[in-house]
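The values are calculated or read from the model by the stated rules, or taken from the named source; none is laboratory data. As the structure is a computational prediction, the values presented were derived from the model and not from experiment. Heads up, the Cβs are rebuilt from the backbone with ideal geometry, glycines too, and the neighbour counts pull from every protein chain shown. In case anyone asks, the SASA skips ligands and DNA or RNA and just uses the protein heavy atoms, side chains included. Shrake-Rupley method; radii C 1.70, N 1.55, O 1.52, S 1.80 Å.
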Amino acid sequence: MIEPIIKISNLCKSFGGTKATNDVSFELKPGEALGIIGPNGSGKSTLINLISGFVKPDKGQILFKGINITGMAPHKIVNLGIARSFQMSRPFYNMSVFKNLIIPISSPRARKLRGGKYGDLDEAAIHLLEEVGFERDSQVPYKEAGALPHGYLKRLELARCLALEPDIVILDELFSGMSMSEIASVVPLLERIKKEGKTLIMVEHRLTELFKIIDKIIVLNFGMKIAEGLPRDVMTQDEVTSAYLGSEVKTGA
Amino acid sequence: MRTNLSHRKERIDRGIKVRSDDIFVLASMRDLLYVILPKAIVILAMLILPLLKDVVGMYWLNVLVTTLVVILLALSWDLLASAGLVSLGQAFFFGVGSYIAGYLSFKFGWSPLFTIPTATLVGSIICALFLYPVLRLRGIYFGLITFALPLLLARLIEATKVLGGTEGMSALPPIPGMTGKLYLLMFVVLLTLFGFRRLISSNYGLVFQGIRDNDRAVIAAGYNIQWYKTQAVFIAALPATFAGAFVAHHFQFVGVPAFAMDYSILPLTAVVVGGAGTFIGGALGAVILMPLSEILREFGSLRVVIYSLLLLLFSIGLPEGLFKYVKRKYSQIERLTTMEEVKHD
Ligand SMILES: Nc1ncnc2c1ncn2[C@@H]1O[C@H](COP(=O)(O)OP(=O)(O)OP(=O)(O)O)[C@@H](O)[C@H]1O
Ligand SMILES: [Mg+2]
């Protein structure tokens, strides 16, 4: 029996009157990939904010590798090995693209994992950009990050997470705003990350691409978990089709 | 035979730019002059001015002291700003440095040789400790607190009569010799200027810039940003507390004027005039602003109106500041070059 790498129990968070997260529990084994889906405002980002420590829960518990990280400062959670991306990817505007990665590459966690060896950080940054699909020989890595198109920003956001060499990677709507070809170039990378044994949590609206990567999904609606399981089992449940797919069809998202 | 075609305008830095963007490959005397001249003029002026007591007069040398002090406060301001911390009260750092130096020398008879380094170091630690609680918060709180602290401390000293109360502490030992004093100040200004420029472009300084641009992403990379901001405050406080300690011995007096609004407004205006983010901008701003403010001394409190007007004028008309503007113009100086000469480039 493999111990779960992360175990979330009865998590609750309210903002004023809205219950953004309402009694959510789930657990993941190392190397597992989870998709979190649900209509707009169903509490997906809030759940990520709770796990990564950016928002403190009202109730409930989060165990990571057996350590209670509930309410811990977000930078400490990162240093334990949980990296996250943001739905709104904002870079360091006034720095060049590769300089944007120096901050995560020389972060406390990345430094510790390298055993204090620095190496050529600029080179490491360029290399990482290449991995997420930036062309090395183009001028793009040297451009000011504020001028990057949306799809590139999203991939920069992914590179920022990978630079931390985390055990769990949490991606909040990585695919939204990416072109089909950009998504196609990132999917193999995500599959490789998974194969390397990293645990993945992905919030997505792009279900077809999501289902290629993940092992199981949970569906949120009004902050509550309404279903959990294999995509093909979950997507046929009535509650899910009415709550999630119904609204998707209606809003055309 | 000279037709119009044989002449064309050329940017003076063309030869340099073509060869390299960053590292200058100097091919001719002209290139060399282009790069070195501005720096040489500044360094020469700095070296010679303190020696010209008889020409310039003691009055203007004192203005030079004040100018250098404001430069130090402006450099300190710019470093804070590089980490996203907008200070509205440089007088806080200045006053803390002044009072520590004054107290050590008034109470224990320490010489400036010891009070100034101690006040600089201990003062900066105290400033960082004072501001630590607000560094947890985002937004305008840092500005508000730095604005309020000097006012608060001044009233506190007046009300409780500690540290000399309203009378302050006088008859402090002076730093002997105007020339030496000026050289010391200039040395510290240059050290701070080059040190800060280096620091901010290093990987360590990148974290400060990251906090300014997007603090959330720096947290998400595993940095304790409150701790980094505290370090930024400590480093930025060093030149400002030094300035305060220096002025205490320069005036041989410390009192509540050490927390005066001038020490907050002048560096801020200097940075706005010269331009933020380059360090040199603030220095340039101070060099223009301080002598100007001396000339306008007879207008008394109307001077504040003039500072305010300058603030308005520059923040609206030239938000990048004078330094970046002049630098751009300088690199665009055009001169007539014959086609003959162009071929050699
Ligand atoms: N910081 C906050 N303050 C107040 N309300 C919030 C805050 N964050 C989220 N909410 C509310 O909590 C609910 C869930 O929001 P959340 O952003 O988690 O949804 P989501 O599932 O990520 O939506 P989307 O698909 O649009 O990204 C919403 O009603 C939202 O308005
Ligand atoms: Mg969201």
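Tally time: how many residues in region A:193-209 are within 15 Å of A:I183 (Cβ to Cβ), in contact (Cβ under 8 Å) with a residue 40 or more places away in the chain and part of a helix (DSSP H, G or I)? Counting residues in region A:193-209 that are within 15 Å of A:I183 (Cβ to Cβ), in contact (Cβ under 8 Å) with a residue 40 or more places away in the chain and part of a helix (DSSP H, G or I) gives 1.
Of note, A:V24 does not satisfy the criterion of being at pLDDT 95 or above and away from ligand 2 (no atom under 16 Å from the Cβ).
Among the residues of this structure, B:G210 counts as one that is under 27 Å from B:L144 (Cβ atoms), within 14 Å of chain A (Cβ to nearest Cβ) and free of Cβ contacts under 8 Å to residues at least 24 places away in the same chain. I'd like to check something: does region B:243-251 contain any residue that is within 14 Å of chain A (Cβ to nearest Cβ), under 30 Å from B:L309 (Cβ atoms) and open to solvent by 10 Å² or more (accessible area, probe 1.4 Å)? Looking through region B:243-251, none of the residues is within 14 Å of chain A (Cβ to nearest Cβ), under 30 Å from B:L309 (Cβ atoms) and open to solvent by 10 Å² or more (accessible area, probe 1.4 Å). Of the conditions (1) open to solvent by 30 Å² or more (accessible area, probe 1.4 Å); (2) more than 14 Å from chain A (Cβ to nearest Cβ), B:Y204 fails just one. Which one is it? Condition (2) is where B:Y204 drops out. Scanning region A:210-227 for residues being closer than 14 Å to A:L171 by Cα, within 16 Å of ligand 1 (Cβ to nearest atom) and surrounded by fewer than 21 Cβ atoms within 10 Å (Cβ to Cβ) gives a total of 0.
Note on region A:94-187: enclosed helices (runs of 4 or more DSSP H) holding 3 or more residues that are surrounded by fewer than 21 Cβ atoms within 10 Å (Cβ to Cβ) are A:108-113, A:121-131, A:150-162. Exactly one residue among A:R84, A:R109, A:R90 is at pLDDT 95 or above and facing another protein chain (nearest Cβ under 8 Å), and that residue is A:R84.
Residue-level check: of (1) surrounded by fewer than 24 Cβ atoms within 10 Å (Cβ to Cβ); (2) under 24 Å from A:S106 (Cβ atoms); (3) within 14 Å of chain A (Cβ to nearest Cβ), B:A276 misses just (2). Of all the residues that make up region A:81-93, how many are at negative phi and open to solvent by less than 30 Å² (accessible area, probe 1.4 Å)? Selection size over region A:81-93: 8.
The sole residue among A:P108, A:P104, A:P141 that is touching a strand residue (DSSP E or B) at 6+ places or on another chain (Cβ under 9 Å) and either within 16 Å of ligand 1 (Cβ to nearest atom) or within 24 Å of A:I51 (Cβ to Cβ) (or both) is A:P104. Residues in region B:157-173: is at least one in contact with a Leu (Cβ under 9 Å, 6 or more places away or on another chain) and modelled with pLDDT of 95 or more? Looking through region B:157-173, at least one residue is in contact with a Leu (Cβ under 9 Å, 6 or more places away or on another chain) and modelled with pLDDT of 95 or more. Can you find even one residue in region B:218-232 that is closer than 30 Å to B:Y99 by Cβ, modelled with pLDDT under 95, more than 20 Å from the chain's Cα centre (by Cα) and not charged (D, E, K, R)? Within region B:218-232, not a single residue is closer than 30 Å to B:Y99 by Cβ, modelled with pLDDT under 95, more than 20 Å from the chain's Cα centre (by Cα) and not charged (D, E, K, R).
Residue-by-condition table, conditions (1) open to solvent by 10 Å² or more (accessible area, probe 1.4 Å); (2) away from ligand 1 (no atom under 16 Å from the Cβ); (3) in a strand (DSSP E or B):
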site: A:I2; (1), (2), (3): yes, yes, no
site: A:E27; (1), (2), (3): yes, yes, yes
site: A:S42; (1), (2), (3): no, no, no
site: A:I48; (1), (2), (3): no, no, no
site: A:I51; (1), (2), (3): no, no, no
site: A:V55; (1), (2), (3): yes, no, no
site: A:G60; (1), (2), (3): yes, no, yes
site: A:M72; (1), (2), (3): yes, yes, no
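The listed residues are A:T70, A:T21, A:T46, and the only one of them that is in contact with a Leu (Cβ under 6 Å, 6 or more places away or on another chain) and not aromatic (F, W, Y) turns out to be A:T21. Annotation: A:I36 fulfils all but one of (1) out of contact with any Phe, Trp or Tyr (no Cβ under 7 Å at 6 or more places or on another chain); (2) away from ligand 2 (no atom under 14 Å from the Cβ); the unmet one is (2). Taking the criterion of being open to solvent by less than 30 Å² (accessible area, probe 1.4 Å), away from every other protein chain (no Cβ under 14 Å) and touching a Ser or Thr at 6+ places or on another chain (Cβ under 7 Å), the residues of region B:214-239 that qualify are B:A236, B:A237, B:P239.
Restricting A:G17, A:G35 to those that are crowded, with 20+ Cβ neighbours inside 10 Å and within 15 Å of ligand 1 (Cβ to nearest atom) reduces the list to A:G35. Step by step: first the residues of region A:39-57, then only those that are within 9 Å of ligand 2 (Cβ to nearest atom) and of a type in the set (V, I, T), then the one that is farthest from the chain's Cα centre (by Cα). Which residue is that? Among them, the one singled out is A:T46. Taken over region A:95-106, the criterion of being closer than 23 Å to A:S138 by Cα and at the interface with chain B (Cβ under 10 Å from one of its Cβ atoms) is satisfied by A:M95, A:K99, A:N100, A:L101, A:I102, A:I103, A:P104, A:I105.
Against the conditions (1) within 30 Å of B:T160 (Cβ to Cβ); (2) surrounded by 20 or more Cβ atoms within 10 Å (Cβ to Cβ), B:A260 satisfies every one except (2).
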